[in-house]
Amino acid sequence: MYQDVRFQCEIRKSQKFRMDYMWAQMFKTYYRLNDLATNWDQARQICEAEGTYLFIPDSLDEMESFKLLMSNMKAQYTGIFMGLHDKFSDGNFVTLKGESIAGTTIELLWAQGSPDNVNGTEHCVVMTREGLLDDRPCDDIYPFVCKILGSEIEFNEKCNNFDLAYTPRNNGKCYKFHAEPLSWYDAYLICKSEEGNLAIVNSADEAVFITEMLSENLHRKVPDPNILFIGFSDLMFPFQYRTILGQSLEDAGYSTWGHIEEQTSKLDSNHCGAITSEGFLQITRCNRPAMFLCEKIINNTAE
């Protein structure tokens, strides 16, 4: 696909990562261009979910090479989001790692007249097709590139993935608790980005384990610390609650509702599934941010 040898994909016994990333030997780095354009915050979240980070260049050569990568973008997009922002202090741009770009080669790449913070709303950074930096609103929509150095990759042997935050249980699953609240839709997308799914409760024992995990995080400042998004909804069939894999809750193995939950589930605005700190299933508003749990199946062992 890419003619420049710097972006040829290589399969090596000593250097492997997710199949949707390409290996650039010249920079000993993996990259993925995401054509599904989104805002800066969601771009950051998607990269982090994949165990990588929103693109930050390490050299002028790397920036120059990205002009080639960007030539594969759809014509309507003028740039890609980068892992740079001044959200903490106007005009003081830093990387997602908290490093100031003042006095670095990155600072030399601003387009003429930038950064200019038009209308006081431009706090995120894109790289244009010309390889220059420009500040833009974080809510604008652009493609983005996720990146990770080969030397930064660690393999999670127990969960058979590249995310050390996943921890195994003796039920054939690995789990990752997300304390940063997102909408149900974004939570679903993040779990998919991690090559997993929003967790599906398959037994009463699993429900106890999940509620214990939620109880440990009740102190967090989120819209509702008493619920955790999990993988069921009635989005496909109204008032027919099914898991994201298409099972009924009964067939999945856990369908315990509280009396209040049974009533609130009938509200037209509530369509997405959660579990409460008491272990009851609940249907709530999909767009109201909540903590969530991802799971990855590692074998076919049943609980």
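Key figures
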read-out: Partners for K221 among lysines (Cα-Cα distance below 26 Å; same-chain residues under 8 apart left out); value: K87, K97, K176, K192
read-out: Size-normalised alpha-carbon gyration radius of the stretch 5-152, reference 2.2 N^0.38 Å; value: 1.00
read-out: Loop-located trypsin sites (Lys or Arg not before Pro) in the stretch 212-246, at most 14 other Cβ atoms within 10 Å (DSSP); value: R220, K221
read-out: Sequence ranges 232-241, 284-293, ranked by mean other-Cβ count within 10 angstrom, highest first; value: 284-293, 232-241
read-out: Relative contact order (%) - the stretch 167-297, alpha-carbon pairs under 8 angstrom, separation at least six; value: 40 percent
read-out: Part-to-part distance (alpha-carbon centres) for the stretch 113-174 and the stretch 65-102, which is given in Å; value: 10 Å
read-out: MRE, 222 nm, helices only [DSSP H, n ≥ 4, -39500 (n - 2.57), over the chain, to nearest 500]; value: -5000 deg cm²/dmol
read-out: Length-normalised contact order for the chain - Cα pairs under 8 Å, 6+ apart - percent; value: 18 percent
read-out: Relative contact order (%) - the stretch 72-130, alpha-carbon pairs under 8 angstrom, separation at least six; value: 46 percent
read-out: In the stretch 186-290, GluC sites (Glu not before Pro) in a DSSP loop with at most 12 other beta-carbon atoms within 10 Å; value: E216
read-out: Dimensionless Rg over Rh [the chain; C-alpha; Kirkwood]; value: 1.02
read-out: Crossing angle, helix 184-193 versus the chain [Cα axis fit, 0-90 degrees, rounded to tens]; value: 60 degrees
read-out: Cβ charges +1 (Lys, Arg) and -1 (Asp, Glu), total dipole of the chain, debye; value: 580 debye
read-out: Karplus-derived HN-Hα couplings along the stretch 104-120 (A = 6.51, B = -1.76, C = 1.60, θ = phi - 60°), whole Hz, x at Gly and Pro; value: 9, 5, 4, 5, 6, 9, 4, 5, 4, x, 9, x, 10, 6, 4, 6, x
read-out: The stretch 108-167: trypsin sites (Lys or Arg not before Pro) falling in loop per DSSP and having at most 14 other Cβ within 10 Å; value: K158
read-out: Cα-based equivalent ellipsoid of the stretch 167-297: semi-axis lengths in Å, sorted from largest, via gyration tensor; value: 19, 17, 15
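Every number in this text was worked out from the coordinates using simple rules, so none of it is lab data. Computed from a prediction, not measured in an experiment: that's the story for all the values here. Here the Cβ is made from the backbone with ideal geometry for all residues, glycine too, and neighbour counts use every protein chain on show.
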